[in-house]
Every structure is written in structure tokens, then in C-alpha cells.
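Here is the structure we will look at.
The values are calculated or read from the model by the stated rules, or taken from the named source; none is laboratory data. All of these numbers come straight from a predicted model, not from anything done at the bench. These area figures cover heavy atoms from the full protein model, side chains too; ligands, DNA and RNA do not enter into them. Shrake-Rupley method; radii C 1.70, N 1.55, O 1.52, S 1.80 Å.
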Amino acid sequence: MYTAQGKIDQRALLEQYMPLVRRHALALQVRLPASVELDDLIQAGMVGLLDALERFDTAQGASFSTFANQRVRGAMIDELRSRDWMPRSVRRSVRALDQAVHKLEQSLGRAPDEREIASALDMSVDEYHQLLLDANNGYLLGFDEVVSELGEPPAGETAPATPLESLLKGDARTHLVEAIEQLPEREKLLLGLYYQEELNLKEIGAVLGVSESRVCQLHSQAVARLRGRLAA
């Protein structure tokens, strides 16, 4: 979209892509604690959209749509990372969970089941399930954190549209693909629905035939497995 002078019409693009900001905000909000306001996410996303308008360079070859998606989502993720809503006690338990899953996989040579992980953590299965629910807020951005560690794509390279695509195009692609392939089938499907298809918890629960809280538990467990393997 250009002006009569052949320049990008920033005002027109801003109006055109404002609905995109709201879609990203709604997609993130369904995964977040109720304390996170939709308006805060939209405000952060608008900052990302304005940043995209300022930084977009047609000479790099990527479309503005792809570039704007990356900047809008990135701005929202940065806003969420700036909020530390997880209690320290839960954060310690999450670290213990990562370590327990990693050690079990090394000793067993396979993905441990829930009872094995709970036993390693000296918890009942019910307590372990509660930990997974508590941990889900921290694991929420698990994939996005790995994306940020891989860095942005080189100049001129088209940015992937989703976190999963970003991961699969990074330097850690081989290790990540191997780690995902070793996940139990249901957890592998869940990650695909969550990060690639961008379904919400209710929709994923309908596909898997489980409750939304169970989707949260399985998500936490899958990300814990991946974090342990990638850390190794």
C-alpha cells in the first residue's frame, strides 16, 4: 500500500493491521492468568506494529505482513516477560521438574510417564498434576523463549509466521525435531495444535477429548521434556 509519491502509506497500513493486533492479543490471552488484561496486550502489540512500520524495509524481500506479525507478537511476549507472576516456590518446583524429567530420560532411555516423574519429585500424582497447572504460566512462553535465544533471522530472510516455524528454521532445528519426535504422541499433537495451528485450550481439549485443565497439564509436561532435552 503506497502513497502517490511511491512511499509506503503508514497510516493506511496502521488501520489495516490493527485487527491483527487484536487477534494476537486474544490468542495469547486464552493462555494467560486472568490478571493479564486484554487491553495491555493490545497496547503492547500496537507498539510492535508501530515499530514494524518504522523498521520495515522493502529491500529485504520479506512481506510487511510477515514482518508485522513477528513484531506484534514479539512486543506482546516482551510485555509478558516483564511481568513475573509466578511465585518463587513454584519457580523452584518448575526447575526441579525440568531436572527430574531430564534425569529420568537419561536413566530410562525413554520418556517417563507421569507416575515416574511424580515419584522422582516425591509427590503424589495429584500433587504433580497441580504443579503442572501452576507451571503452565511459566511454560506458556517456553517455545518463544527458545526463539528469542536463536535470535532474529538474517537480513533479507523471511521471518516465520509462528513460534514453531521459527524454531524449525533455527540452528537448533535438528535437536528440536529429534526432541519433538521423542515426545508421546498426544503431547506431540498438542504442541502442533497449540503452536502451529494456534488453537486455544478449549479447542485443543475438544480434539484430545480432555478438559482445558488437562490440556494445561499436558502442555507443561511436554515443554518440560523439551527443555530438558535441549538443555542437554
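Regarding Ala100, is this residue under 19 Å from Ala179 (Cα atoms) and assigned to a helix (DSSP H, G or I)? Answer is yes for this residue. In the set (1) hydrophobic (A, V, I, L, M, F, W, C); (2) assigned to a loop (DSSP other than H, G, I, E, B); (3) at pLDDT 85 or above; (4) under 16 Å from the mean Cα position of the chain (by Cα), Leu199 fails one condition alone, (3).
Residues in region 80-109 that are under 21 Å from the mean Cα position of the chain (by Cα), open to solvent by 70 Å² or more (accessible area, probe 1.4 Å), small (Gly, Ala, Ser) and modelled with pLDDT of 85 or more: there are none.
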